[in-house]
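Throughout, read-outs are computed from the coordinates displayed, never taken from laboratory work. No experiment lies behind these values; they were computed from the predicted model shown. In this analysis, Cβ positions are derived from the backbone assuming ideal geometry, glycine residues included, and neighbour counts consider all displayed protein chains.
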Amino acid sequence: MYIHPSFDPIAIHLGKFGVHWYGLMYLVGFLAFLGLGKWQINHRKWHGWTIPMLDDALFFGALGVILGGRLGYVLFYQFSYFIRHPLEVFAVWQGGMSFHGGFLGVLCAMWLFAYKYKIKWLNIMDFVAPLVPIGLGAGRMGNFINGELWGRVTNTQWGMVFPKVDNLLRHPSQLYEFGLEGIVLFSALWIYSSKPRETGAISALFLIGYGSFRFLAEFTREPDAYLGLLSMGFSMGQWLSLPMILLGIWMWFQAQKKRFN
């Protein structure tokens with residue numbers, strides 16, 4: 001049995017202000033994007049990318065993550081609440097971000113980026129996909145540090161007590177997602193993208209990988225109290241991940257037939 005350390009959510013105290021761990025995890029994700037992206041540009045010669053273009057892509061992507069993540073949380077998870085309290089949509093400091101919303105936001109942002117630079121959208125997504133999982137893993141570590149998004153009750157030897165919740169043993173589901181969505185997904189995409197692939201194949205692998213890992217991890221994660229489990233006993237995260245898996249499989253076969261070239 002393990003007990004969650006109940007970390008201080010503020011990593012750096014600056015008088016009345018503080019830098020939160022979760023904010024630092026976003027910074028880790030953005031820095032990883034830049035560092036890995038520069039390595040790809042210098043060593044893999046991706047579709048004429050330049051360092052200034054990478055910086056621009058980070059700006060577009062960061063806007064997509066933040067705006068899409070917040071709107072996704074509002075629409076997918078707490079729509080009825082925010083209908084009654086519309087001004088709280090902008091209270092991002094209170095928490096509440098959705099990966100699937102952020103993902104849709106990034107897709108839209110990269111479409112604008114593709115339009116600006118006159119590059120095929122899927123070529124951009126293939127470049128970006130391997131740069132994302134480190135940030136996803138960092139985000140899950142931020143969830144763990146904050147003691148949020150805890151797991152379901154378990155009797156496994158590695159179960160953990162989250163004192164802020166109750167005294168029951170629970171899955172440390174944040175760490176499962178850190179390992180799957182962060183380390184494993186990054187490794188798979190980084191290795192796979194080390195050689196030239198058909199247009200859309202890397203993006204397809206990201207969709208299949210993330211969707212599958214998130215779907216499996218959700219079986220150990222406590223459903224959101226305001227939603228619970230939905231039809232067929234699946235959580236909202238699982239229902240939002242299923243389209244990713246199906247779209248990824250379809251894209252994979254289309255890519256192998258060179259339909260996106």
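For this structure, a couple of remarks:
- Whichever aspartates and glutamates have a C-alpha closer than 19 Å to that of K116, once near sequence neighbours (fewer than 8 apart) are set aside: D55, D56, D126
- Working note: Cα gyration tensor of segment 156-261, eigenvalues times five, square-rooted, sorted largest first, giving semi-axes of 33, 17, 8 Å.
- Square roots of 5 times each gyration tensor eigenvalue, C-alpha, segment 2-183, largest first, Å: 32, 20, 16
- Structure remark: mean-square fluctuation, Gaussian network model of the chain, C-alpha springs under 10 Å; the largest value among Y226, Y22, Y192 belongs to Y226.
- Folded to 0 to 90 degrees: helix 21-44 orientation relative to the chain principal axis, Cα: 20
- Residues with amide H under 5 Å from that of V161, placed H, sequence gap 5 or more: Y2, I3, H4, R170
- Solvent-free Debye scattering, log10 I(q)/I(0), computed from the Cα coordinates of segment 6-45 at q = 0.23, 0.30 Å⁻¹: -0.73, -0.92
- Here the Karplus relation 6.51 cos²θ - 1.76 cosθ + 1.60, evaluated at θ = phi - 60°, turns the backbone of segment 131-136 into coupling constants of 8, 8, x, 4, x, 5 Hz, with x for every Gly and Pro.
- Selected from K195, K38, K16 as most flexible by GNM, with the chain as the system and alpha-carbon contacts under 10 Å: K16
- Scaled against 2.2 N^0.38 Å for its residue count N, the alpha carbon radius of gyration of segment 185-236 is 1.54.
- Pairs over the 32 Å Cα-Cα cut-off, from the set K45/K258; K38/K164; K118/K195: K38/K164.
- Residue among S173, L36, M97 farthest towards the positive dipole end of the chain, charges placed on Cβ: L36
- Cα-centre dipole for segment 2-183 with unit charges at Cβ (Lys and Arg positive, Asp and Glu negative), debye to 20: 320
- Put the Cα centre of segment 126-176 next to the Cα centre of segment 207-242 and the gap is 14 Å.
- Helix 51-76 vs. the chain, principal-axis angle (Cα, 0 to 90°, nearest 10): 40
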